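The values are calculated or read from the model by the stated rules, or taken from the named source; none is laboratory data. Predicted model, so just to flag it, every value in this text is computed and none were measured. Positions of Cβ are generated from backbone atoms using ideal geometry, with glycine treated the same way; all protein chains shown enter the neighbour counts. Side chains are part of the model used for accessible areas, which takes the heavy atoms of the whole protein and leaves out ligands, DNA and RNA. Shrake-Rupley method; radii C 1.70, N 1.55, O 1.52, S 1.80 Å.
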Amino acid sequence: MGKVKRVLFATGNKHKFHEAEIVLSKYGLSVEQWAVKRLEVQSESLEEIAKTSLAWLMLEKYPEYPFFVEDAGLFVNALNGFPGPYSSYVFNKIGNEGLLKLMDGVENRRAEFISVVAFTEGKEILVFEGRTSGFISYMARGERGFGFDPVFIPEEGDGRSFAELDVEEKNRMSHRAKALRKLAEWLTSSKII
Ligand code: IMP
């Protein structure tokens, strides 16, 4: 057996880390949390946010390699993709209640979560994306997860919100798990790390 491949996840979010730990362990990969403060630029593109954040860490924080960052956003159709790349700011300002208020009387509840993982082994930067379509619920439901989980109902699910699912169930269909599985497939087949 070869040695276990180890990778760092630069995030302060323990929920994201736990989700990643479970996904990557299925591929025999070991992940450690690097709870470093990251630079988050404002941009319309999640890919640009993730890549800039990764590049900044490479230059400023003497990282251990290999490592990755992940940026995600909730894109609501009826709001022309808002809050999208501004999801973190919007969630902190108005929360789930605020989002439900914005959706008051709106019939088209379609939304999509997008996750972008940016990875480096020290030289190249690789990007992996995952998407999950679903609907904004009419009321918050569930106690698990974080962020907009209580108001997001994945289309591939059984009608429960992300916050009503346990981590394994959320990982079966979440945007983040999809991006992380692409990373894991690349890592397990790569000779670079
Ligand atoms: P960031 O990638 O940490 O900047 O996340 C942006 C924001 O989107 C977070 O603060 C959450 O509010 C929301 N978000 C991202 N991923 C998820 C998720 O899996 N569930 C619920 N909310 C999420």
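Before rounding to the nearest 500, sum -39500 (n - 2.57) across all DSSP H runs of length at least 4 in the chain and divide by the residue total; then give [θ] at 222 nm in deg cm²/dmol.
-10500 deg cm²/dmol, from helical runs alone.
Counting only the backbone N, which residues of region 128-150 are under 11 Å from the spot 7 Å out from the Cα of ASP104 toward its beta-carbon?
none
Could you list, in their original order, any pairs among LYS123/LYS182; LYS14/LYS191; LYS37/LYS170; LYS5/LYS37 whose Cα atoms are separated by more than 22 Å?
Flagged as over cut-off: LYS14/LYS191; LYS37/LYS170; LYS5/LYS37.
Taking each pair of distinct Cα atoms in region 89-187 once, what is the resulting Kirkwood hydrodynamic radius in Å?
For region 89-187, the Kirkwood estimate is 14.5 Å.
Once the piece of chain linking ALA35 and TRP56 is laid out straight, how much longer is it, given 0.36 nm per residue of separation minus the C-alpha distance between them?
The span from ALA35 to TRP56 would gain 6.1 nm if fully extended.
P(r) of the chain in 5 Å steps, Cα pairs, percent per bin?
The percentages, shortest bin first, are 1, 8, 17, 20, 19, 15, 10, 6, 3, 1, 0, 0.
Using a cut-off of 18 Å between alpha-carbon atoms, which lysines can reach LYS93, once sequence neighbours fewer than 8 places away in the same chain are excluded?
Straight-line reach from LYS93, under 18 Å: LYS101.
Quick one: if the Förster radius is 25 Å, what FRET efficiency do GLU143 and SER43 give, using the C-beta to C-beta distance and rounding to 0.05?
That pair, GLU143 with SER43, gives E of 0.15.
Accessible area per residue for the chain in Å², computed with a 1.4 Å probe and the full protein assembly in place, what is it?
Using a 1.4 Å probe on heavy atoms only, each residue of the chain averages 52 Å².
Please state, to two decimals, what the Cα-based radius of gyration of region 1-106 comes to when divided by 2.2 N^0.38 Å (N = residues).
Here the Cα radius of gyration is 1.28 times the empirical estimate.
Need one number: % antiparallel among DSSP beta bridges in region 7-189, to the nearest 5.
80
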